[in-house]
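This report concerns only the one structure given below.
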Amino acid sequence: MPYALLALAVFGLVTSTVFAALVLVAVPGYLRERELALSELAARPGFTPPLSLLKPVHGAEPGLEKRLATFFEQEYPQYEILFCARTADDAGLKTARRVAERFPQVPAKFLFLGGEPRYSNAKVASLELMEREAAHGILVISDSDVQVTPQYLRAVAAPFADPRVGAMCCLYRGVAAEGGIWARLEAVGMSVEMTAGVLAARLMEGMQFVLGPTMAFRRETIGRMGGFRVTADYCSDDFVLGNQTFKLGERVVLSHYVIDHMVLNSNFAASMRHQTRWMKSTRFSRPKGHLGVGLTFSMPFGVLGCVAAAWLGHPGWGLALLAWALLNRWALATCAGRRVVGDPSWFGVLALYPLRDLMGFGFWAASYLNRRILWRNQVYELFSGGKMRAVRYGETRDTVSRQAP
């Protein structure tokens, strides 16, 4: 048994090192592209097509007013912001109105669904309504937990100077909005784990998806795929929209711009639910790729190797394997977390990320325990391909499965 565990540990360390190597190979190319994009942006500042910025909101969130204000402070000549919530008295919509009053020079519209959305993914109904009311041909979609600088919209618009581009998205660094160890662990996972995964996927197969916190599309591209309703029953609507764009033969671009993604889950339970939900959604959206994700983590195999080697009477070997795992994660965190997305926290990158890597493996394993998620106080059941359906009170798992979309 200890030899088998030791062999598994070494195998996992090798696969996670190969993954880290792929990321390290991808980083210089991405950084060169960033420099080129910045140069082109400086040389061609006049490319500023009018934009419609779509902002779904839902309830009161810590720091929402400050975050929304950054979207009104853009150094951009012509854009509008559309907000949408489920009801007219939504606290998030009220906050948006209050912020908009401070920036009368920026056109803003405030919309609401007026009841329960007809889609499993409520966000899609909001996007449909905002798209109908939007005035411009490029649609920028940004979540409510995102904060940006005044150069954001110029960076978002830049890729669309190429007529072959149908969509773009941005990498993001996690920011623990209210501090706390659980929020900081989740934030460093966003900065490092998410960035590393995107860069590796881009290196191997190109961009065939977008990232939800900020994504932008040509309006005609959304129309060609059948409108936002194509994602109505999917949990990972961002993945579906990006993948559909790719299948249409249009380019999907990963921007040089990095946004701040605020982590609002400061307590243990909320943070664990959020991260497990994300893992489950990727399991059903990309099942084959998600299965391989288990071999990209390093710390679980380092710990396993340390225990197995000590069991065999070779604690020095075990410490060497654990050191291998730590060096692997530190290299990944420094390149992806620090150099690419500019996470300012050395403590988060060096001290917290190895622990987050260990936790990430736990979330990955937990994603296979069941198919239910909790999202905005509603329980959903996930199905093949990433579709989901709300679970009504009193329904059993068998009942929901028979009624699956």
Next on the checklist: Looking at (1) farther than 29 Å from residue 217 by Cα; (2) not assigned by TED's automatic domain parsing to the domain that holds residue 199, which one does residue 293 not meet, given that it meets all the others?
Outcome noted: (1)
Checklist entry - Given the conditions (1) in contact (Cβ under 8 Å) with a residue 60 or more places away in the chain; (2) within 18 Å of the chain's Cα centre (by Cα), and given that residue 338 satisfies all but one, which numbered condition is not satisfied? => result (1)
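Does region 133-140 contain any residue that is crowded, with 17+ Cβ neighbours inside 10 Å, at pLDDT 95 or above and more than 23 Å from residue 221 (Cα to Cα)? Give the steps one after another, and end with the answer.
At the first step, the residues of region 133-140 found to be crowded, with 17+ Cβ neighbours inside 10 Å are 134, 138-140.
This time we only want the ones that are at pLDDT 95 or above, so: 134, 138-140.
Adding the requirement that they be more than 23 Å from residue 221 (Cα to Cα) leaves none.
Checked region 133-140: no residue is crowded, with 17+ Cβ neighbours inside 10 Å, at pLDDT 95 or above and more than 23 Å from residue 221 (Cα to Cα).
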Next on the checklist: What pairs come out if I take residues in region 29-41 that are closer than 23 Å to residue 201 by Cα and pair them with residues that are part of a helix (DSSP H, G or I) and β-branched (Val, Ile, Thr) whose C-beta lies under 9 Å away, six or more apart or interchain?
Outcome noted: 30/340; 31/340; 34/340
Next on the checklist: Suppose we keep only residues that are out of contact with any helix residue (DSSP H, G or I) (no Cβ under 7 Å at 6 or more places or on another chain) and free of Cβ contacts under 8 Å to residues at least 24 places away in the same chain within region 218-247. Which one would you say is farthest from residue 170 (Cα to Cα)?
Outcome noted: 226
Next on the checklist: So, in region 53-75, how many residues would count as being small (Gly, Ala, Ser) and within 20 Å of residue 149 (Cβ to Cβ)?
Outcome noted: 2
Item to check | Subset of region 72-91 [out of contact with any strand residue (DSSP E or B) (no Cβ under 6 Å at 6 or more places or on another chain) and within 20 Å of residue 141 (Cβ to Cβ)] | outcome: 72, 73, 74, 76, 78, 86, 90
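Sort through 188, 240 and tell me the only one that's surrounded by 24 or more Cβ atoms within 10 Å (Cβ to Cβ), among the hydrophobic types (A, V, I, L, M, F, W, C) and either within 29 Å of residue 333 (Cβ to Cβ) or touching a Gly at 6+ places or on another chain (Cβ under 6 Å) (or both).
Working: 240 fails: either within 29 Å of residue 333 (Cβ to Cβ) or touching a Gly at 6+ places or on another chain (Cβ under 6 Å) (or both).
Matching residue, one of 188, 240: 188.
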Checklist entry - Does region 36-52 hold any residues that are assigned to a helix (DSSP H, G or I) and either touching a His at 6+ places or on another chain (Cβ under 8 Å) or aromatic (Phe, Trp, Tyr) (or both), and which are they? => result 37, 38
Checklist outcome for this item: From the option list 187, 155, 167, single residue qualifying as within 27 Å of residue 90 (Cβ to Cβ) and either among the hydrophobic types (A, V, I, L, M, F, W, C) or modelled with pLDDT of 95 or more (or both) is 187
Checklist entry - Which one of these does residue 126 not meet: (1) assigned by TED's automatic domain parsing to the domain that holds residue 150; (2) within 22 Å of the chain's Cα centre (by Cα)? => result (1)
Next on the checklist: Among the numbered criteria (1) crowded, with 18+ Cβ neighbours inside 10 Å; (2) over 27 Å from residue 257 (Cα atoms); (3) not charged (D, E, K, R), which one does residue 115 miss?
Outcome noted: (1)
Checklist outcome for this item: Checked region 166-180 for anything touching a Pro at 6+ places or on another chain (Cβ under 7 Å) and either over 13 Å from residue 146 (Cα atoms) or surrounded by fewer than 21 Cβ atoms within 10 Å (Cβ to Cβ) (or both); matches are 168, 178
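Sort through 312, 326, 321 and tell me the only one that's more than 18 Å from residue 15 (Cβ to Cβ), out of contact with any Ser or Thr (no Cβ under 6 Å at 6 or more places or on another chain) and not assigned by TED's automatic domain parsing to the domain that holds residue 377.
Values: 326 fails: more than 18 Å from residue 15 (Cβ to Cβ); 321 fails: more than 18 Å from residue 15 (Cβ to Cβ).
Checking each option against the conditions leaves just 312.
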Checklist entry - Can you tell me how many residues in region 367-388 are of a type in the set (Ser, Thr, Tyr), buried (at least 18 other Cβ atoms within 10 Å of the Cβ) and either at positive phi or not in a strand (DSSP E or B) (or both)? => result 1
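The values are calculated or read from the model by the stated rules, or taken from the named source; none is laboratory data. Since this is a predicted model, take the numbers as computed values, not measurements. Please note: Cβ atoms are built from the backbone with ideal geometry, for glycine as well, and neighbour counts cover all protein chains shown.
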